[in-house]
1. Picking from 186, 330, 278, which is most flexible by a Gaussian network model of the chain using Cα springs under 10 Å?
2. Quick one: grab the alpha carbon gyration tensor of region 162-251, order the square roots of its eigenvalues as a ≥ b ≥ c, and give me rounded if a/c is under 1.5, else prolate or oblate depending on whether a/b is larger than b/c.
3. Which helices pass in the chain if a helix is a full DSSP H run, must span at least 18 angstrom along its long axis by Cα, and must have mean Kyte-Doolittle hydropathy not below 1.0?
4. What trypsin sites (Lys or Arg not before Pro) in region 98-155 are in a loop by DSSP, with at most 15 other Cβ atoms within 10 Å of the Cβ?
5. For region 200-358, give the percent of accessible area contributed by carbon and sulfur heavy atoms, probe 1.4 Å, rounded to a whole number.
6. Among the listed pairs 202/291; 26/54; 134/154; 27/221; 26/75, which are separated by more than 23 Å between their Cα atoms?
7. Under the classification rounded if a/c is under 1.5, otherwise prolate if a/b is larger than b/c and oblate if not, where does region 100-252 fall, given a ≥ b ≥ c as square roots of the Cα gyration tensor eigenvalues?
8. Using Cα positions and a limit of under 29 Å, work out the lysines in reach of residue 179, with same-chain residues fewer than 8 apart set aside.
Amino acid sequence: MSQNASNGLTYSQAGVSIDAGNELVKKIGPMVKATRRSGADSEIGGFGGLFDLKGAGFKDPILVAANDGVGTKLKIAIDTNQHASVGIDLVAMCVNDLIVQGAEPLFFLDYFACGSLDVERATEVVAGIAEGCKQAGCALIGGETAEMPGMYAKDDYDLAGFSVGAAERGELLPSKDLKEGDVILGLASSGVHSNGFSLVRKIVELSGLSWEDAAPFDSTKSLGAALMEPTRIYVKSLLAAIRETHSVKAMAHITGGGLPENLPRVLPSSLAAHIDLGAINLPHVFNWLSKTGKIEQKEMLRTFNCGVGMAVVVEQSEADKVIAIVEAHGETVSRLGTLEKRESEAVVFDGSLGLNNE
């Protein structure tokens with residue numbers, strides 16, 4: 001039995017709006033074009049994004065790819081209706097993983113999935129992605145918006161990002177000449193970044209505070225706004241250090257697992273990182289999290305970045321030069337320690353973070 005055309009179902013009645021998707025593409029077009037760089041014209045709308053490696057100046061490149069998400073930090077964005085910065089987080093989590101391998105981020109693609117497409121909110125998110133791409137010097141060459149009623153609640157959404165970078169053959173990091181005495185530098189984080197937010201949200205719940213309350217660690221902002229501080233993007237400062245000194249030997253993006261889990265990923269089995277915790281300028285947010293959640297130092301170090309968003313291993317004689325370059329690009333740097341012969345642990349901590357609950 002055929003159904004009368006006037007009573008026929010539409011895709012919109014099933015919860016998916018093609019018109020809303022088209023409106024979003026129209027709104028974000030100028031943002032995408034603003035991320036143009038050599039090798040990409042940043043036009044969207046085709047079935048795939050194009051990138052010209054030769055046009056970007058590479059002669060014999062090795063491609064490096066990374067993908068990531070923002071995690072449960074998105075729940076705070078949704079609960080507080082603050083969507084402008086999570087796109088920066090998304091880009092940061094990918095491009096910071098590329099730069100540690102010595103690769104220049106070239107292009108980025110995003111995946112935005114939701115229960116119901118709110119064009120204004122999605123535009124905010126993509127604006128953040130475009131801003132992150134500009135900070136990283138990479139082009140936003142495409143993406144996907146998926147409206148999936150029944151899979152996600154109406155106001156929920158999720159993000160995934162994918163980025164590709166390149167380095168000339170023979171210039172990938174870590175280098176093979178890491179040795180005892182090499183200096184470990186710490187580049188300051190902008191806050192919690194995008195890891196550990198399941199624990200952060202649990203601590204906020206235990207605190208009895210609302211997202212609108214003043215942040216106990218920053219009275220100039222609401223708690224929600226303070227915790228939404230976007231992940232710092234280190235690409236341009238570190239590219240400058242790599243290319244101007246040729247003395248950067250290894251880098252570790254300090255994400256989930258903190259210093260204890262991420263530094264060993266770039267060290268040979270013969271070497272250990274000796275870290276002076278007293279050299280770290282601990283942001284107030286971590287003291288508050290530790291005190292409120294009664295979290296011990298060991299757990300803090302293996303969950304959060306604790307103020308160090310990027311660790312950089314350099315030749316001892318070149319440390320001052322590297323510091324000067326990254327500081328000129330706006331980074332705050334501390335000398336965390338040195339590489340030494342490994343006895344047992346890959347990362348050895350001396351001193352204390354100086355947590356309020358110690």
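1. So, out of 186, 330, 278, the one fluctuating most is 330.
2. Numbers: a/c = 2.93, a/b = 2.64, b/c = 1.11.
Here region 162-251 falls in the prolate category.
3. Numbers: long enough: 18-33 (23 Å, 0.02); 86-99 (20 Å, 1.75); 119-136 (25 Å, 0.16).
Once both thresholds are applied, what remains is 86-99.
4. Numbers: sites: 121, 134, 154; in loops: 154.
Answer in residue order: 154.
5. Working: 3220 of 7220 Å².
Result for region 200-358: 45 percent of the exposed heavy-atom area is carbon or sulfur.
6. On the way: 202/291 13 Å; 26/54 30 Å; 134/154 31 Å; 27/221 30 Å; 26/75 27 Å.
Pairs exceeding the cut-off: 26/54; 134/154; 27/221; 26/75.
7. Values: a/c = 2.54, a/b = 1.42, b/c = 1.78.
In terms of gyration-tensor shape, oblate.
8. 236, 249, 298, 321, 341
The values are calculated or read from the model by the stated rules, or taken from the named source; none is laboratory data. Since the model is a prediction, treat every value here as computed from it, not as a measurement. Reconstructed Cβ throughout: ideal geometry from the backbone, glycine too, with neighbour counts over all protein chains shown. Just so you know, the surface numbers come from the protein's heavy atoms only, side chains and all, with ligands and any DNA or RNA stripped out. Shrake-Rupley method; radii C 1.70, N 1.55, O 1.52, S 1.80 Å.
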